[in-house]
Amino acid sequence: MAEAITFKINGETKTVAIEGHEKLIEILREKLDLTGTKCGCDDASCGACTVVVNGEAKKSCVFPHAKLNGAEVTTIEGMTGKDGGLHPIQQAMIDGGAVQCGYCIPGIVMELHALYSRNLEAGEAEITEALSRHFCRCTGYEAIMKSALLAQEYLKKGRKKAKKGK
Amino acid sequence: MDLKYVGKNIKRFDAVKKATGKALFLDDIKLPGMLHAAILRPEFAHAKILSIDTAEAEACEGVVKVVTGKGCDFRYGDNIRDLVPMAVDKVRYIGEPVAAVIAETRQQARVAVKKIKVQYEPLPVYVDALAALEKGAALIHENSGDYWHLPGLGPKPGTNIANLYQLKKGDIDQGFKEAEVTVEGEFVYPFGSCAALEPHGAIVWFHEDKTIEVWSSSICPFIIREEIARVYKLPESDVRVHIPELGGCFGYKSDITVEQTIAWIASFVPGRPVKWVATRKEDFTSTLLGHGIRIRMKVGAKRDGKLTALRTTVYHSTGAYSDTGVHVSIAAGHNSAGTYEFPHIHQESYLVYTNTPPIGAFRGYGHQEGQFAVERLMDILARKLKMSPFDLRARNYLRPGTTSSLGERIYVSNGDVAKCAEVVKKAVFQGEKPREDDQYWYGRGFAALTKTPKGAPHSSKGCYLKFNGDGSVSINCGGAEVGQGLRNVVRQIAAETLKIPPERIRVYTEIDTQFSPWEWQTIGSMFTLQGGAAVVKACQRAIAMLKKTAAQVLRVEEDVLDYDGEHVFLKNDPEVKIEVHRLTRGYMYENGMTAGEVVQTTSDVRLPRYSGPDVNGQGTMGVSYTFGAQGCEIRIDKATGQVIIDHFASAFDVGRVINPEQIRGQIAGGVMMGVGATLYEEVKFDKDGKCLNPHYSKYRFPTIKDAPRRQTIECLETPESIGPYGARGIGEHPVIGVAPAILNAIQDAIGVEFYELPVTPEKIKAALAAKGSGKAGK
């Protein structure tokens, strides 16, 4: 029953032995010790388990291992720089006051990472649409929206700086 | 008061770990040799267990042990000891633990648990209190008279009544005799789930040395410790409970819920830790639900609007076990008087056993259910009296000189509800509301509210403070951080009192009963008030110790010394001074001799004269009151019946804002939670007690698209005399006025009176159809 799958996780290629029933979240949390990805439900409702697969935000609680071979996966652990520096989206979550219990935050960071990597000019409607895939019981979403906009601002500034640097 | 750190937006120190995914929650913990449990739930909500066959499950791959309730001879609970860790001879609700599999992996346990075969003999099922109260109803607890309970509480043997609370103030007959107008209604606040993003979970480890170690997603480590020690006959000091980071609570992680079940399971495999984490379905059906409250209320008033009488009957469907629901029904009773002085009150709360999951704390704890009723009736009464609803309320507000339903005198230091109402009125009710158009009806609504702490009279919060050798400070409290930011509150209050920057103060992360000061449990919006006051006290004691050592070294009396965070110095000659870090472990002279004590202090604070109810159901059961007001501007979509909240305004007299950003987050989040309960959320059961929607995909959890388009949030600061820097509680309050404010606005929009939650688009459309025209009623 055991088989092996090979995929890229946070920039590193890994081969993992699996039993066959696993969803991506179990592979991340139980086999790779990447516990930053959180589980809030099992029917793809709450978004806490969102990771980025091949550039797209995916709910890892329903993502089958079969689709994983050769894929490129980024989790919250892959967002922090090698020097321990925070990603601008993470910093924005903190600065905008979005972090209360924090259980939903990794999923939201990954959702926004996918969105802004695709379209840094996303308007409020598009951002709201992305965030509507995430449950938060603490904040009433006000600070999350504020932080999402702040993240966009930080990323735009970063891009400008990078351009200047060239 | 000129404050340096209190009242400032100091960033919470736990945010980095949470934003990087490195904060450790229960399910992130792995222990050596850890096993995993899966629990079998019954097919019937009320049934006798005839037999359990575990053979096939035992033969499954990876299975270490299969456990049933056989041989369990204890009950547990903090108020009414009616809970069992696992069903013994009958099941009383659909989520009750019947048996469990312990296996090497979670998956193996889940596969094997399905192989357990149980034969049942079904019994009659009651989902609603009224049905369970009917004559001839089968008893859910046959021997409830034998259960231990706190004095003044307890079941009525031979019935399904788990508790009856009665409150009498004045003479109710006289009150209604004096009334010239009466209004009444029956209000339903249905079952809801706190539905925190992180589900419940626990790890229990029976060590070979006969000590027990527990990790739990709970806010009451000490109750868990005491109850587990009691049933396993150990000294409390031999049970160690850890609380890691918590992914939200909102009530249902209070009291003791899943821990005794996991302990029972783990007791069969001593030497190895056993982990269990609820699936979302189990989190709905096998932990605690909220509300389940039906209220019949009648209000009497003079024609001039002066209130004369209040009669309230609460029917609380408390589920299969009552330990966690009993105080909710009491709170729903005495808080049903809201922010008003009624001279005559008669109030009864029937806590009734039913066949649903047990009901327990839900943010608001009985306050929103009772005040939903009274705030709806205030609007209805105002219309009947042809008075402004604001004037009617203002005429009757609790204010200095009045007494609450509990018989407590109200003082200026309790805060000002009238001022809160003014703020909301100004924010929401200025000018005319928009006129009905092709697409929408428009409405505006208001509600005043109050909340008092609710807890055990001996409830106390402690603080351990330690000055380090470099003058930095470590603080331990027993308050559970569930996201509300209380650890940052501790830090800001300590910084203010010790006059040192918050960066030099490290506040605890996990709670550990081995190291943390005792705290009853972190409930009732009491931490800022009690815990904050304990922090002030511990800081003041530390400063006194620093001065005592400095006095010895400087050869002066302590009272001529002052302290500024960096030095202890002579008041009359500040140049004569000693640096704080040279005093923290006693003062060392040049020859190494050291004088003075190590600066480590402890403190605790409880509410003064806080009590249980007297024979009339009254007493100093509030002590600290927080008043507030909420209002909203809504639109109702004519095509869909959808309520859209354009603007929601809240004003609370919080005494003192400790951290503006955090308090705004608390209020905005609480309002959203209230909106969910008002318009969307209900845990539904069929007549057989089966849960119809125990999944996020079927339980209508509010998303960003449901959020009010705009929130006005204002905090008033009338200082509380016992709170730190005048602060009082705010955690639960924002949910309380939401439902009546929105339902009053719906009435304003379409002229329909709703009495039951949630008011879904379907209900709005059905009500309009019933009115005949489908047009607005006004």
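The values are calculated or read from the model by the stated rules, or taken from the named source; none is laboratory data. Just so it is clear, the model here is predicted, and its values are computed rather than measured. Glycine gets a Cβ as well: all are built from the backbone with ideal geometry, and neighbour counts include every protein chain shown.
Descriptive notes on the structure:
- Residues in the range B:514-555 that are buried (at least 24 other Cβ atoms within 10 Å of the Cβ), over 25 Å from B:VAL568 (Cβ atoms) and of a type in the set (Ser, Thr, Tyr): B:THR522, B:SER525, B:THR528.
- B:ALA57 being within 14 Å of another protein chain (Cβ to nearest Cβ), buried (at least 20 other Cβ atoms within 10 Å of the Cβ) and farther than 30 Å from B:SER459 by Cα: no
- For the range A:113-127, the count of residues that are surrounded by 24 or more Cβ atoms within 10 Å (Cβ to Cβ) and of a type in the set (A, V, I, L, M, F, W, C) is zero.
- Strands (runs of 3 or more DSSP E) (entirely within the range B:102-214) containing at least 3 residues that are aromatic (Phe, Trp, Tyr): B:181-192
- When B:VAL352, B:VAL328, B:VAL417 are checked against the criterion of being over 21 Å from the mean Cα position of the chain (by Cα) and in contact (Cβ under 8 Å) with a residue 12 or more places away in the chain, B:VAL417 stands alone in meeting it.
- In the set (1) under 13 Å from B:THR20 (Cβ atoms); (2) without any contact (Cβ under 8 Å) to a residue 12 or more places away in the chain; (3) facing another protein chain (nearest Cβ under 10 Å), the condition left unmet by A:GLY85 is number (3).
- The range B:606-722 holds strands (runs of 3 or more DSSP E) entirely within its bounds, and those carrying 2 or more residues that are away from chain A (no Cβ under 14 Å) and among the acidic types (Asp, Glu) map to B:626-637, B:643-653.
- Any hit, the range A:34-49, residues being more than 7 Å from chain B (Cβ to nearest Cβ), outside any loop (DSSP other than H, G, I, E, B), of a type outside the set (Phe, Trp, Tyr) and surrounded by 22 or more Cβ atoms within 10 Å (Cβ to Cβ): no
- Selection status of B:ALA745, surrounded by fewer than 18 Cβ atoms within 10 Å (Cβ to Cβ), over 26 Å from the mean Cα position of the chain (by Cα), aliphatic (A, V, I, L, M) and modelled with pLDDT of 95 or more: no
- Of all residues in the range A:95-108, those satisfying the criterion of being more than 7 Å from chain B (Cβ to nearest Cβ) and farther than 19 Å from B:PHE701 by Cα are A:ASP95, A:GLY96.
- Residue match in the range B:164-184 (condition: touching a residue at least 40 places away in the same chain (Cβ under 8 Å), more than 30 Å from B:ASP614 (Cβ to Cβ) and surrounded by 24 or more Cβ atoms within 10 Å (Cβ to Cβ)): no
- Yes/no for B:ARG399 being in contact with a helix residue (DSSP H, G or I) (Cβ under 6 Å, 6 or more places away or on another chain), of a type in the set (Lys, Arg) and assigned to a loop (DSSP other than H, G, I, E, B): no
- Listed conditions (1) without any contact (Cβ under 8 Å) to a residue 12 or more places away in the chain; (2) surrounded by 20 or more Cβ atoms within 10 Å (Cβ to Cβ); (3) aliphatic (A, V, I, L, M) are all met by B:VAL66, apart from (1).
- Selection count, the range A:50-67, where residues are crowded, with 17+ Cβ neighbours inside 10 Å and at pLDDT 95 or above: 10
- Any hit, the range A:8-19, residues being under 27 Å from B:ASP14 (Cα atoms) and within 12 Å of chain B (Cβ to nearest Cβ): yes
- Qualifying residue in the range B:30-44 (condition: within 30 Å of A:HIS87 (Cβ to Cβ), within 14 Å of chain A (Cβ to nearest Cβ) and surrounded by fewer than 21 Cβ atoms within 10 Å (Cβ to Cβ)): yes
- If you filter the range A:50-82 down to residues that are assigned to a helix (DSSP H, G or I) and within 28 Å of A:GLU142 (Cα to Cα), you find that the one that is nearest to the other protein chains (Cβ to nearest Cβ) is A:ILE76.
- Count of residues meeting criterion [within 13 Å of chain B (Cβ to nearest Cβ) and over 19 Å from the mean Cα position of the chain (by Cα)] in the range A:140-166: 2
- Within the range B:728-761, the set of residues being farther than 20 Å from A:GLY140 by Cβ and part of a helix (DSSP H, G or I) comprises B:ASN744, B:ILE746, B:GLN747, B:ASP748, B:ALA749, B:ILE750, B:PRO761.
- Selected residue (only one of B:GLY443, B:GLY366, B:GLY431, B:GLY370 is buried (at least 18 other Cβ atoms within 10 Å of the Cβ) and over 30 Å from the mean Cα position of the chain (by Cα)): B:GLY443
- The number of residues in the range B:216-227 being crowded, with 24+ Cβ neighbours inside 10 Å, in contact with a helix residue (DSSP H, G or I) (Cβ under 6 Å, 6 or more places away or on another chain) and not in a loop (DSSP other than H, G, I, E, B) comes to 3.
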